[in-house]
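Report on the following structure.
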Amino acid sequence: MAQEKTRPFLDHGAIGLLAPASVAFLFAGAGFMLLPLGVVAVTSFLPSDGLMGDTGWTWQNYHQAWLQGNFLLAFANSTLVALVVTGGQIVTSALAGYALARLHFRGRQALLLIILATLVIPFQMLAIPIFLVLKWGHLINTYGALILPTIANGFGIFLLKQYFQTIPVELEEAAAIDGANRLQILWRVMFPLARPALVTLFLFTFIGEWNDLFKPLVFTTRPELQTVQLALAEFQEQFTSSWSLLMAAVVIATLPVILLFLVGQRQFIRGIATTGLKN
C-alpha cells in the first residue's frame, strides 16, 4: 500500500500572499512604536514658544538644553558608571557562567536556582539593606554607591551559562591538550566564540545603567555625581512649560543608547536567538 503524502499546512500560493501582509503588519507595528520618538524629535526642533510660525526649525533648543542642563558632567558620570558596571558584569558573569556550564561540583544546581531566584526580587526592595551596607562602608555619595550594587547580576550569569553550553566541549579539550588552563580556555576559546552573548550582555547592562535613576537618586546627593537621568529629571522640573527645550533634553539623553543599539543590533539579535540551543 502506497504511503499517502502529507499535505503541507500552507501551499506556496498562500505563503506568497501572507508575505506582503506580514511585511505590512511589521511596518505598521514599527511605525506605531516609533511614533512617540518622532513626536519628541519634531517637537525638539520647534521654537521655544512651541509654534513654528515664521521662524521654522531651530537647533538652538539643543544648545540651550545642553548648557542649562549641565549634561557634559552628567554624560561623563553616566559613561563612567555604565562602562565600569558593564565590565564588572561581563567578568563576573563569564567566570560564574563558565563554572556553572562546565565544572561539576556539589550544589551546582542549587546555586543556579539561587542565582535565578535573585531575578524575581526587585532592586527597589533591596534599597534599604544596600543603603545600610554602603553607609557602613562609607560609600554613600561616592562612585562606589553607583557601581558596586549592580557589579554582578544573575541575568548575565544565566545568559552566558546558557551560551557556553552551546559551544562544543571538544574545542576546550583540544586547548587543554595544548597545555591551556581554565582561565586561558575561557579567554582564548570561549570569549571569542561567545561574542554575540557578550555583546548582548553589554547592551543590556550599559543601557540599563544609562537609564537608571534609582541609584543616583537614593545613594547620592552631591551635584558632581549627577548622572544623565538625574540631570534630565531636574531639567524637567525647571522647564515644565517649555516643551521644546524638554524634548531636546530627552533626545540628548536618549541618542547615545539608540546609536549604541544600532551599532550592536546584529550581534544582539544573534546572541538572543542562539542562547540556550545545544549542539
Original post:
Tell me, which helices (runs of 4 or more DSSP H) wholly within segment 148-252 include 2 or more residues that are under 23 Å from I114 (Cα atoms)?
Top reply: 154-164, 195-210
Original post:
Hey, any hits in segment 21-36 for a residue that's touching a Leu at 6+ places or on another chain (Cβ under 9 Å) and either at pLDDT below 80 or in a helix (DSSP H, G or I) (or both)?
Top reply: no
**OP:** From V218, V169, V189, V199, grab the single residue that is touching a residue at least 60 places away in the same chain (Cβ under 8 Å) and farther than 28 Å from L80 by Cα.
**Re:** V169
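Each row is one residue, and each column tells you yes or no for (1) at pLDDT below 90; (2) touching a Pro at 6+ places or on another chain (Cβ under 8 Å); (3) among the charged types (D, E, K, R); (4) within 21 Å of I157 (Cβ to Cβ).
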{"position": "V39", "(1), (2), (3), (4)": "yes, no, no, no"}
{"position": "G50", "(1), (2), (3), (4)": "yes, no, no, no"}
{"position": "W57", "(1), (2), (3), (4)": "yes, no, no, no"}
{"position": "G69", "(1), (2), (3), (4)": "yes, no, no, no"}
{"position": "L80", "(1), (2), (3), (4)": "no, no, no, no"}
{"position": "T86", "(1), (2), (3), (4)": "no, no, no, yes"}
{"position": "L95", "(1), (2), (3), (4)": "no, no, no, yes"}
{"position": "F105", "(1), (2), (3), (4)": "yes, no, no, yes"}
{"position": "A117", "(1), (2), (3), (4)": "no, no, no, yes"}
Subject >> Subset tally (residues that are touching a residue at least 12 places away in the same chain (Cβ under 8 Å), assigned to a helix (DSSP H, G or I) and more than 22 Å from the chain's Cα centre (by Cα)) for segment 131-147 >> reply: 2
Original post:
Is at least one residue of segment 155-162 surrounded by fewer than 18 Cβ atoms within 10 Å (Cβ to Cβ), of a type in the set (K, R) and in contact (Cβ under 8 Å) with a residue 24 or more places away in the chain?
Top reply: no
Subject >> Criterion (within 24 Å of L80 (Cβ to Cβ), surrounded by 13 or more Cβ atoms within 10 Å (Cβ to Cβ), among the aromatic types (F, W, Y) and at pLDDT below 90) met by exactly one of F204, F261, F239 >> reply: F261
**OP:** Select from segment 135-186 the residues that are more than 20 Å from L95 (Cα to Cα) and touching a Phe, Trp or Tyr at 6+ places or on another chain (Cβ under 7 Å) and list them in ascending order.
**Re:** I140, A145, L146
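The values are calculated or read from the model by the stated rules, or taken from the named source; none is laboratory data. This structure is a prediction, so every number in the text was calculated from the model and none was measured. So basically every Cβ, Gly included, is an ideal-geometry build from the backbone, and we count neighbours across all protein chains shown.
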